[in-house]
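Quick notes on the structure that follows.
The values are calculated or read from the model by the stated rules, or taken from the named source; none is laboratory data. Model, not experiment: these values are computed from the prediction. Cβ: placed from backbone, ideal geometry, glycine included. Neighbour counts: every protein chain shown. Please note that ligands, DNA and RNA were not included when accessible areas were found on the heavy atoms of the full protein model with its side chains. Shrake-Rupley method; radii C 1.70, N 1.55, O 1.52, S 1.80 Å.
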Amino acid sequence: MRYNAEQTRHLQDNTVLLLKKTHDAAHMLHHIVGLRDVLRFHEYRYYVLNDPLLSDAEYDQLYKALEKTEAEHPELITLDSPTQRVAKGLTASFATVSHLVPMLSLENSYDAHDLIDWDRKARELTGLDTIEYCIEPKFDGASISLIYEEDLLTRGATRGDGVEGDEITTNLKQIRSIPLSAGFAALGIRQVEIRGEVLMTKNNFKRYNESLAEQNLPPLANPRNAAAGSLRIKDPAEVGRRNLEAFLYHISYISLIPGHSLPKDLNSHQGCIDALWSLGFRSPKKEKEVVKGIQSVINHCLDYEGKRDDLPYEIDGMVIKVNDLSLQEKMGMTTHHPRWAIAFKFKARQATSKLIAVEYQVGRTGSITPVAKIEPVPIGGVTVSSISLHNEDFIRQKDIRIGDSVLVERAGDVIPYIVKSLPDLRKGDEKRISFPTHCPICNGLLSKEEEEAVWRCTNLHCEAQVVERIIHFTSKDAMDIRGLGEANIRKFFQLGFLKDIHSIYTLPFEKIRGLEGFGEKSMNNLEEAINNSKLQPLHRLINALGIRFVGETTAKTLAQSVKHLRELQDYDREKLMGIEDVGEKVADSLYAFFHQPTNLEILDRLEALGVNLSAGQDHIAGGSLSGMNFLFTGTLSRLKRSNAEAIVESNGGKILSGVSSKLNFLVVGEDAGSKLEKARKIPSIRILSEDDFINMTGSESI
Ligand code: IVH
């Protein structure tokens, strides 16, 4: 249901009244219907319009009040209550269900000629000189169908083979932009089947792949696969955490309430899209364009292709539909596709190429990453010649061989990915990839921990690891030594000037100044930058040491927990785990680091060379936020994330890296994802909007 200005004001007034009364059980019970309406309204503002009127904490307060009231009076629970999205337990298996109307595919077109041909046929079939078309983005996700009966969402299914799909109602209920009920009855409609596309936004996809990388799992190729895979997860709560979205773009079936006739508005495709929007669905009302004649269609499609990368989600083309539904009926369909619609496909972001060789890169923790060298191929405006193969399992699962033709994909700003090898094109001289047993750089033995997919070089003095360690040490978020970038580090290492991180502070500048390409001025600047870095705050040094699983955030927590880095040497695992934000994995890694003699030797040397190992300003005992843990999620609009974090730290608070019961405040910006979902389940965490945070700290900028 779309809300007009008056309804919006009324619901907002009700929101304010209800918020004041959540402690009053009798009041909540009396107003349970209004409470549900208010929550539905705010879900709509948040998930469909992307324009919330309520902070998450306030939404939460009302949601909990409803949950409590319903728990005390289960007889009052309605099937479309906002609480009914939450599913208990796992889905054993997905039943196969038939679509009310087969989900046909679309004919494809690739250029203006194809569209002109198609328009000619459409004009012949309809007998018209000019046809009115409705053009929409072709959403690149997973196709679904929804059935509403007597206003209630009763079934959701995947496309399957077009005739039958998997019943995934519970999973689809986790997508908050899909209404659990919608006012079809008011339009005289008893049952309706709607089609649409489930998407994962580019941002959520990136985050999802990052979380896979943290677990040493290979990334997914594109948001389409991520959306399709997410819909088939057996744990609905996990589906909820994936933050999927849905566009609904087609009404495929309507059965009327006896005595009613089809509303006039539904006689055009545009009318259907607008009606779906008014009923509270996320339909492409704003994304669609209605034009007359094929030339306008062509112009619009080419125009939109230019905007493709600016959209928050992937589209792989446009869909052109004859707008008038009676004309659609006249044109009919083939067994494969309707004749009244066609897809205009954008230039492919996939290409085939040949795998020439596999090289192995050694990371700073000794991780060995296989990298495919392919015959250079242009994809989406970029020439691709090198693609990560992630780990040995990835190569085995995809049966990738040297000499194979491979299908490569680059979805928007997503890094290139080998989708599959093409075994049908093999000639017989392709070679299986034998993963090395020894480090390609130092020949040290490789080892792999149980349950890990990554092989690592066990030699701590491995040149490749040392160079990567130095590169990380000097990087912007670590010791930030400008002028000592990767190229110079490699050069100085080759010349024997750099041996490990401590030798940065003993670089023989008298020799370097005599070398070609190392000017007096830039070397003076570099010397100064190196000297200045000695006084960097402790958290930067901790991050710079490149201890496994210790990133910027954990480094800050550690620096705030000690007065001197050496203290950590005496911590056992238990004591390490007592530090905020330090779990078992991080504790093990820290323990191992501080019990490795070479590491202690490096710390000795750094200290002797004047590098700061004391917490100094990092260790804040007082401050208005002292003892409080914060985490920011989503995009902030008034503050820069780094400034917001600095506000917390300068007031004695801490920034945690994830949601746990140790967290006190989650500050939520736009497009917040799984962290918010997780935090909502932990009652002790207070969820703040950015404005709440600014009011609380009283500081807009520093
Ligand atoms: S209309 C009979 N509209 O593209 C109606 N499809 O390649 C046919 N798709 O199976 C579908 N965006 O999953 C339509 N705006 C859009 C679409 C769209 C994406 C998908 C749909 C279809 C596939 C065909």
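The table for this structure:
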{"quantity": "Residue count, the stretch 156-169 (criterion: within 16 Å of the ligand (Cβ to nearest atom), touching a Ser or Thr at 6+ places or on another chain (Cβ under 8 Å) and open to solvent by 30 Å² or more (accessible area, probe 1.4 Å))", "calculated": "5"}
{"quantity": "Top-ranked residue in the stretch 1-51 [being part of a loop (DSSP other than H, G, I, E, B) and of a type in the set (Asp, Glu); ranked as surrounded by the fewest Cβ atoms within 10 Å (Cβ to Cβ)]", "calculated": "Asp51"}
{"quantity": "Single unsatisfied condition, Asp56 versus (1) farther than 26 Å from Glu238 by Cβ; (2) touching a strand residue (DSSP E or B) at 6+ places or on another chain (Cβ under 8 Å)", "calculated": "(1)"}
{"quantity": "Residues located in the stretch 669-700, provided they are open to solvent by 10 Å² or more (accessible area, probe 1.4 Å) and within 17 Å of the chain's Cα centre (by Cα)", "calculated": "Gly669, Glu670, Asp671, Ala672, Ser674, Lys675, Glu677, Lys678"}
{"quantity": "All positions within the stretch 125-144 that are assigned to a loop (DSSP other than H, G, I, E, B) and within 15 Å of the ligand (Cβ to nearest atom)", "calculated": "Asp140, Gly141"}
{"quantity": "Hits in the stretch 479-489 (condition: open to solvent by 20 Å² or more (accessible area, probe 1.4 Å) and more than 22 Å from Glu520 (Cβ to Cβ))", "calculated": "Asp480, Glu486"}
{"quantity": "Options Ala122, Ala112: the member that is within 16 Å of the ligand (Cβ to nearest atom), over 29 Å from the mean Cα position of the chain (by Cα) and surrounded by 14 or more Cβ atoms within 10 Å (Cβ to Cβ)", "calculated": "Ala122"}
{"quantity": "The stretch 493-509 residues that are among the small types (Gly, Ala, Ser), paired with ones that are crowded, with 16+ Cβ neighbours inside 10 Å and not in a loop (DSSP other than H, G, I, E, B) (beta carbon under 9 Å, 6 or more apart)", "calculated": "Ser503/Ile470; Ser503/Phe492; Ser503/Arg605"}
{"quantity": "Count - residues of the stretch 246-266 that are within 13 Å of the ligand (Cβ to nearest atom) and either closer than 12 Å to Val198 by Cα or without any contact (Cβ under 8 Å) to a residue 40 or more places away in the chain (or both)", "calculated": "4"}
{"quantity": "The stretch 181-198, subset within 24 Å of Ala228 (Cβ to Cβ) and surrounded by fewer than 22 Cβ atoms within 10 Å (Cβ to Cβ), residue nearest to the ligand (Cβ to nearest atom)", "calculated": "Arg195"}
{"quantity": "Residues that are assigned to a loop (DSSP other than H, G, I, E, B) and within 16 Å of the ligand (Cβ to nearest atom), drawn from the stretch 84-109", "calculated": "His99, Leu100, Val101, Pro102, Met103, Leu104, Ser105, Leu106"}
{"quantity": "Those strands (runs of 3 or more DSSP E) lying entirely in the stretch 296-377 with at least 3 residues in contact (Cβ under 8 Å) with a residue 12 or more places away in the chain and more than 14 Å from the ligand (Cβ to nearest atom)", "calculated": "350-362"}
{"quantity": "Options Leu212, Leu172, Leu217, Leu153; residue that is within 30 Å of Lys678 (Cα to Cα), among the hydrophobic types (A, V, I, L, M, F, W, C), away from the ligand (no atom under 16 Å from the Cβ) and in a helix (DSSP H, G or I)", "calculated": "Leu212"}
{"quantity": "Any hit, the stretch 253-262, residues being of a type in the set (Val, Ile, Thr) and open to solvent by 20 Å² or more (accessible area, probe 1.4 Å)", "calculated": "yes"}
{"quantity": "From the options Ser405, Ser434, residue that is open to solvent by 80 Å² or more (accessible area, probe 1.4 Å) and more than 30 Å from Thr201 (Cβ to Cβ)", "calculated": "Ser434"}
{"quantity": "Any chance Arg396 is crowded, with 18+ Cβ neighbours inside 10 Å and among the basic types (Lys, Arg)", "calculated": "no"}
{"quantity": "The stretch 496-520, residues that are closer than 20 Å to Thr474 by Cα and not in a loop (DSSP other than H, G, I, E, B)", "calculated": "Ile501, His502, Ser503, Ile504, Tyr505, Thr506, Phe509, Ile512"}
{"quantity": "Leu495, sole failed condition from (1) open to solvent by 50 Å² or more (accessible area, probe 1.4 Å); (2) of a type outside the set (D, E, K, R); (3) within 35 Å of the chain's Cα centre (by Cα)", "calculated": "(3)"}
{"quantity": "Conditions (1) touching a residue at least 12 places away in the same chain (Cβ under 8 Å); (2) farther than 30 Å from Asp316 by Cα: number failed by Glu451", "calculated": "(1)"}
{"quantity": "Residue within the stretch 232-242 that is under 24 Å from Asp310 (Cα atoms), away from the ligand (no atom under 16 Å from the Cβ) and modelled with pLDDT under 95 present", "calculated": "yes"}
{"quantity": "Tabulated pairs, the stretch 460-483, first free of Cβ contacts under 8 Å to residues at least 40 places away in the same chain, second among the β-branched types (Val, Ile, Thr) and open to solvent by 20 Å² or more (accessible area, probe 1.4 Å), C-beta under 6 angstrom, 6+ apart or interchain", "calculated": "Glu463/Ile441"}
